[in-house]
Amino acid sequence: MSESEYILVTGGAGYIGSHTVIELVDNGYKPIIVDNLSNSSYDAVSRIEFIVDQHFPFFRIDLRDSSALTKIFEKYNISSVIHFAALKAVGESTKIPIDYYDNNINGTINLVKVMQKFNVKTIVFSSSATVYGDVTRFGDDRYIPIPEECPMDPTNPYGKTKYMIEQILKDVSNSDAGSDLKVAILRYFNPIGAHPSGLLGENPLGIPNNLLPYLAQVAIGKREKLSIFGNDYASHDGTPIRDYIHVIDLAKGHIAALNYLHKIGNSGLYREWNLGTGKGSTVFDVYLSFCKAVGRELPYEVVARRSGDVLDLTAKPDRANEELQWKAELGIDEACKDLWKWTTENPFGFQIDNYQWKEFSDDLNDRLHTFKIDNFKVGIINYGATIQNIQIGDQLLVCGFDNGSDYKSSSNPYFGANIGRFANRIKHGKFTLNGKKYQLSQNEGDKNCLHSGFNGFDKQNWYGPIVKFNDDKFKVDFKLIDKDGNDGFPGDLETILHYIIGYKFIEIEYESKLLNGESTIVNLTNHSYFNISNGDSIDDTEFELGTDQYLKVDDELIPTGEIASIGSAKFTLTSDKSFDNCFIVNENDDRIDTRSNELKQLVKASHKDSKITLIVSSTDPAFQLYSGDGINTDGFKKRSGFCVEPSRFLNAINQPNWSKQVILKKDETYGGKIKYEFK
Ligand code: NAD
Ligand code: WQD
């Protein structure tokens, strides 16, 4: 595989596709996902990115849309295709067969036509054990466990689409034009389980048809009890036998197939492989294993057999074991454990009440996420993991733009952004670490480095968010990997930002780790501009600061080292009073991780017109108070908002007695917390 080659994954946002994309990345492949999201959500894609620390191309298109598909093949050098996209519900296929034939077969025909046009010769196809039909029809057990040679006889429209697609691919590979086509037909048995991170899994919409998704909903109280469809089969406990395969093993099977096809060179191939464990489990076996994972007995009732069910569908996986050098490694216990983690951590899958997102610019990596708790509303965008809006009823409380491009304009004064890897100023962008001198971007009047230069945390699309809702609070996680050398900073730095959004409050927790190198410097803050008046100016806001001590600065706005008092920590902001000062809360705390500190109140601000009070607290030793005099951008003028930026000391890295606050060494964690509360 060359650096520039991509693997196109159709249906990559779905259950099996999403797990396979992760395996692809882990094995050095570069995926492109195409999915019409008819049975999935873009949230799965953003979670994949969060897991693999990469953005990759995603296109929301239907496979039947030739011109859209063609554009992707034109733009990217696609070497192979893994084709998952299909409708897959057996019961539904008997009700709307034409939709199944249209989607699955026309989608595939279209895909193959475009592949031919662009000379793409490798395809891995998601087939199903369902193509074998009822293998007890032979009257004996010569095809149990089921080998690939077992004659096919699908019994429902869904299964027939899989059978027909196999035939279509076979005919193409037998044709002159397709003689060098390499086709892997993977016949999956019963995929179960979820990603061990708890971040990805099956997200069934409506009432689940399959055993484990149903049982999971019983376990979280969404369904009353499991109906076991018959206990009069000839198995050890009377319930039917299936070959349940962990979705991670299944995903790995695709890598094995792809590697195999790449290895055979330019000759053509059409070959089927069963992907199963070779070990059958009954419904009761699975039920007991899941009860063990949950830690209690779950309610069930034995009811009549389900029409179409058969006694035994166990794979003979020998061909895949030998030829693909692939073998399922995980059992039903691991799958049940992972499914239970996914279910408890995401009881509503990706559908969380009162959380919505929409596209904020033409890039899906930059979306606007909106969270609502009663009349409290918060908007956050991926770009900068920025707070775009805080609102109580109709009252807007922060400055923010309503479209993505304004955030990228040079006149944006860091509205709502998270600033990193080093907030505030570094004198002339210079510092020394472990005896080595560094020069950062000088973006403030060609002198200082301000808020990390030209490509700080505020100007990157963060991975995620991972959104969960518990105890009346949203937990929203973003992740960023800031690359070694970006704006001159040393070492790859991973930062996870946890937002907690509850009724009338937002908490921010920063957690950064160095992924390589000996040490770097870190100082993070949030740059929201608050306006709690009813008007468009912050004048007349009443302030009570948690300290009256601030750092005196020289005419380049760099501290002289002297700490002084502003006189009174209580004042009303008038138009002749402006602030851009670093206040000191604790002179003695020089730890890199301040999260174990109590949150300390830094600022209490209130306004007589709105009767709203804002309290900002933090675990950090300082904060910058800025009255927004430099604002001059679309729709916002001077003093439209004020900032309270909890952080380490201004230019701390260049003062020997402060520098420990900001030096992050290998194996340490940088940490800090901020809380905004409205009363
Ligand atoms: P899934 O529904 O989670 O994933 C399929 C994805 O394809 C979805 O994201 C859907 O939005 C997308 N899609 C459907 N039609 C499309 C179209 N016309 N254009 C673009 N995208 C489209 O299902 P899954 O369980 O991940 O299954 C993946 C594949 O594996 C399917 O082909 C399925 O038939 C096959 N399979 C699944 C199972 C199983 O039990 N899950 C078993 C055997 C085979
Ligand atoms: C498993 C066992 C049920 C639900 C289906 C498709 C197949 C493939 C995988 C796509 C059976 C029993 C189930 C319940 C139960 N998909 N059961 N109570 O039917 O083996 O395979 O999914 O290609 O094509 O047919 O899977 O999970 O529905 O059932 O007792 O509520 O669990 O009778 O024995 P199945 P399943």
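What the table below lists for this structure:
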{"quantity": "Amide H contacts of residue 553 (H built 1.01 Å from N, under 5 Å, at least 5 apart or other chain)", "calculated": "560"}
{"quantity": "Carbon + sulfur, % of accessible area of region 359-439 - ligands and nucleic acids excluded, 1.4 Å", "calculated": "43 percent"}
{"quantity": "The chain: relative contact order as a whole-number percent, Cα under 8 Å and 6+ apart", "calculated": "10 percent"}
{"quantity": "Under 14 Å from the Cα of residue 30 - aspartates and glutamates, other chains or at least 8 residues apart", "calculated": "3, 5, 49, 53"}
{"quantity": "Compactness index (Cα Rg / 2.2 N^0.38 Å), region 220-352", "calculated": "1.27"}
{"quantity": "Accessible area of residue 337 in the full protein assembly, 1.4 Å probe (Å², nearest 10)", "calculated": "130 Å²"}
{"quantity": "Relative contact order (%) - region 572-679, alpha-carbon pairs under 8 angstrom, separation at least six", "calculated": "33 percent"}
{"quantity": "Assigned charges on the beta-carbon of Lys, Arg, Asp, Glu; the chain dipole about Cα centre (debye)", "calculated": "100 debye"}
{"quantity": "Solvent-accessible area, 1.4 Å probe, carbon plus sulfur percent, for region 1-138", "calculated": "48 percent"}
{"quantity": "Three-way shape call for region 398-499 based on the alpha-carbon gyration tensor, with the a/c threshold at 1.5", "calculated": "oblate"}
{"quantity": "The chain: angle of helix 247-263 to the longest principal axis, Cα-based, in degrees nearest 10", "calculated": "80 degrees"}
{"quantity": "Local electrostatic count at residue 526 - Lys and Arg +1, Asp and Glu -1, tallied over other residues with Cβ under 13 Å", "calculated": "-3"}
{"quantity": "For region 355-678: accessible area per residue (Å², 1.4 Å)", "calculated": "39 Å²"}
{"quantity": "Hull-based mean projected area of the chain, where the convex hull spans the alpha carbons, in square nanometres", "calculated": "32.7 nm²"}
{"quantity": "Using alpha-carbon coordinates, inclination of helix 107-117 to the longest axis of the chain, degrees", "calculated": "80 degrees"}
{"quantity": "Nearest-ten-degree value, helix 332-345 long axis tilted from longest Cα axis of the chain", "calculated": "40 degrees"}
{"quantity": "Cα-Cα over 18 Å, subset of 513/673; 479/673; 475/504; 372/468; 316/341", "calculated": "316/341"}
{"quantity": "Rg to Rh quotient for region 27-71, alpha carbon positions, Kirkwood Rh", "calculated": "1.00"}
{"quantity": "Overall dimensions of region 312-393 by Cα: Rg and Dmax, Å", "calculated": "21.6, 64"}
{"quantity": "Relative intensity, log₁₀ I(q)/I(0), of region 1-111 from a Debye sum that treats every alpha carbon as a point, q = 0.11 Å⁻¹", "calculated": "-0.34"}
{"quantity": "Karplus-derived HN-Hα couplings along region 50-64 (A = 6.51, B = -1.76, C = 1.60, θ = phi - 60°), whole Hz, x at Gly and Pro", "calculated": "4, 6, 9, 6, 8, 8, 9, x, 10, 10, 7, 9, 8, 4, 7"}
{"quantity": "Placed amide H near residue 613: partners under 5 Å, 5+ positions off or other chain", "calculated": "679"}
{"quantity": "Scaled radius of gyration (Cα, divided by 2.2 N^0.38 Å) that region 492-614 gives", "calculated": "1.27"}
{"quantity": "3J(HN,Hα) from dihedral phi, region 624-640, Karplus parametrisation 6.51/-1.76/1.60, rounded to Hz, x for glycine, proline", "calculated": "9, 10, 9, 8, x, 5, x, 5, 7, 8, 2, x, 9, 10, 2, 6, 6"}
{"quantity": "Relative packing of 596-602, 239-245, which averages over residues the other C-beta atoms within 10 Å, highest first", "calculated": "239-245, 596-602"}
{"quantity": "Hydrodynamic radius (Kirkwood) for region 355-678, which is based on Cα pairs only, to one decimal in Å", "calculated": "19.7 Å"}
{"quantity": "Residue-level accessible surface for residue 306, protein heavy atoms, 1.4 Å, Å²", "calculated": "100 Å²"}
{"quantity": "CD proxy at 222 nm, helix term only [per DSSP H run n ≥ 4: -39500 (n - 2.57); per residue of the chain; nearest 500]", "calculated": "-6000 deg cm²/dmol"}
{"quantity": "Solvent-free Debye scattering, log10 I(q)/I(0), computed from the Cα coordinates of region 68-157 at q = 0.19 Å⁻¹", "calculated": "-0.95"}
{"quantity": "Alpha-carbon Rg/Rh ratio, for region 359-445, with Rh computed the Kirkwood way", "calculated": "1.11"}
{"quantity": "Antiparallel %, DSSP beta bridges [both residues in region 355-678], to 5", "calculated": "100 percent"}
{"quantity": "Label-zone membership for region 20-35, site residue 68, 7 angstrom Cα→C-beta point, backbone N under 12 Å", "calculated": "34-35"}
{"quantity": "Solvent exposure, largest accessible area first (probe 1.4 Å, DNA, RNA and ligands not counted), of 357, 342", "calculated": "357, 342"}
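The values are calculated or read from the model by the stated rules, or taken from the named source; none is laboratory data. Remember, predicted model here, so these are calculated numbers, not experimental data. Counting neighbours? That spans all protein chains shown, and the Cβs are built from the backbone with ideal geometry, glycine included. Heads up: the accessible areas ignore ligands, DNA and RNA and are worked out on the full protein's heavy atoms, side chains in. Shrake-Rupley method; radii C 1.70, N 1.55, O 1.52, S 1.80 Å.
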